[in-house]
Amino acid sequence: MNLHEFQAKQLFARYNIPVPEARVAESVEAARSAARELGGAQWMVKAQVHAGGRGKAGGVVKAGSAEELEAAADRLLGSRLVTGQSAPEGQPINQVLIESPSDIAAEYYLGMLVDRALSRVVFMASAAGGMNIEEVARETPEKILTVPVHPAAGLQGYQCRQLAFGLGLEKQLKSLTAIMQGLYRLFMDNDLSLVEINPLVLTADGELLAVDAKINLDDSALYRHPELQALRDASQEDERENRAHQHGLNYVSLDGNIGCMVNGAGLAMATMDLIQLHGGAPANFLDVGGGTTAEKVAEAFKLILSDSKVKAILVNIFGGIVRCDLIAEGIIQAVKETGLELPVVVRLEGTNVDQGKALLQQSGLDIIAADGLSDAATRVVEAAGGQA
């Protein structure tokens, strides 16, 4: 789950991470009022969307007068922002952040994430922060400094010094240490999966300030943080993924035309790989889970069918925890409820597989039975019209 910049900065402030003074606005009138409250003669107008690259896409505007501020807010609010990291149709802008501009002397990058290879939380930093940090990471990765934190020892003072000297911020060692300690507490207290400050700016008077903020929360731990879960902005997320979340399904939209319904994330990945190996293209990742029910299978079918690109569906179930006959009942229920006319290829293996196959055969529905995973992938690619 992602947070908006203004929400992330509110969390930053709780952990004593310095941020510019700002107000969030949902209308031009509110933006005008926010500018009056902040004072000054210039303001930043920043679109609040769950996508990076806002600056390059015109989503961050410096207004030098009240008229420019109102024009920027009017242009952004209610529109969609297309960035290099957004969906092709862009993200809806429902709020803008009105912020006092900072007198920037230098820009840096500072972030934290979970490094699965190291099984550690890792700090990342670079003296080449700003809008092009992705290019820096891709083209000159040696400019990215990393510091892994031992889970038992926690963040140590020498690690803060290591980054301060690596960034050339020796004079700001005390303030950088305080920011890193705040980020570490924020990360651990709230079960984050990612936090970024880009840019972390050095102002003309030598202070460090978090001018931007990005926070991703671990969905699996949200039950421990209902106050953060309440911050979810469903308008920024894929509608089908939202529906899947409500029914306890794991769904991710993709660009292909073969709908996939599988139980187990590993098997789902293998299924998508085999579809591509045989020349097809998966339309989604959909894991119905190990303990699924006929009702969840029916909802999964409805999700797949809501994607107009889908030309055929592959159901690949290994009955370990879940019984194949229950899956078969769900498939039959879903096909009848939705009036499905697309080709459906089903591969069942495991517990009660014979009963499951018998139910499908006796249903009278036009379902293509597959004998194995490779056979299933070949058949569904053919059913979808051949190679993508």
Checklist outcome for this item: Note on segment 347-380: residues within 33 Å of the chain's Cα centre (by Cα) and either assigned to a loop (DSSP other than H, G, I, E, B) or of a type in the set (V, I, T) (or both) are T378, V380
Checklist entry - When you go through G166, G206 one by one, which is the residue that is open to solvent by 40 Å² or more (accessible area, probe 1.4 Å) and in contact with a strand residue (DSSP E or B) (Cβ under 9 Å, 6 or more places away or on another chain)? => result G166
Item to check | Among the candidates V195, V122, V136, V201, residue that is among the aliphatic types (A, V, I, L, M), farther than 18 Å from A13 by Cα and crowded, with 17+ Cβ neighbours inside 10 Å | outcome: V136
Next on the checklist: Residues to consider are E70, E29; find the one that is without any contact (Cβ under 8 Å) to a residue 24 or more places away in the chain and of a type in the set (D, E).
Outcome noted: E29
Checklist entry - Within segment 225-254, can you find the residues that are open to solvent by 20 Å² or more (accessible area, probe 1.4 Å), among the hydrophobic types (A, V, I, L, M, F, W, C) and touching a residue at least 12 places away in the same chain (Cβ under 8 Å)? => result L231, V252, L254
Next on the checklist: Could you tell me how many of the residues in segment 176-192 are among the polar types (S, T, N, Q) and open to solvent by less than 40 Å² (accessible area, probe 1.4 Å)?
Outcome noted: 2
Checklist entry - Out of (1) under 20 Å from the mean Cα position of the chain (by Cα); (2) open to solvent by 20 Å² or more (accessible area, probe 1.4 Å), the odd one out for N257 is which? => result (1)
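Just give me the residues in segment 128-149 being within 10 Å of L163 (Cα to Cα) and not polar (S, T, N, Q), in sequence order.
The answer is L145, V147.
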Checklist entry - If you check A281, A270, which single one turns out to be more than 14 Å from the chain's Cα centre (by Cα) and either surrounded by fewer than 17 Cβ atoms within 10 Å (Cβ to Cβ) or closer than 21 Å to Q85 by Cβ (or both)? => result A270
Checklist entry - Is it the case that L222 is part of a helix (DSSP H, G or I), open to solvent by less than 60 Å² (accessible area, probe 1.4 Å) and touching a residue at least 40 places away in the same chain (Cβ under 8 Å)? => result yes
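The values are calculated or read from the model by the stated rules, or taken from the named source; none is laboratory data. Treat the numbers as computed from the prediction; the structure is a model and nothing was measured. In this analysis, Cβ positions are derived from the backbone assuming ideal geometry, glycine residues included, and neighbour counts consider all displayed protein chains. Ligands, DNA and RNA are excluded from the accessible area calculation, which covers all protein heavy atoms including side chains. Shrake-Rupley method; radii C 1.70, N 1.55, O 1.52, S 1.80 Å.
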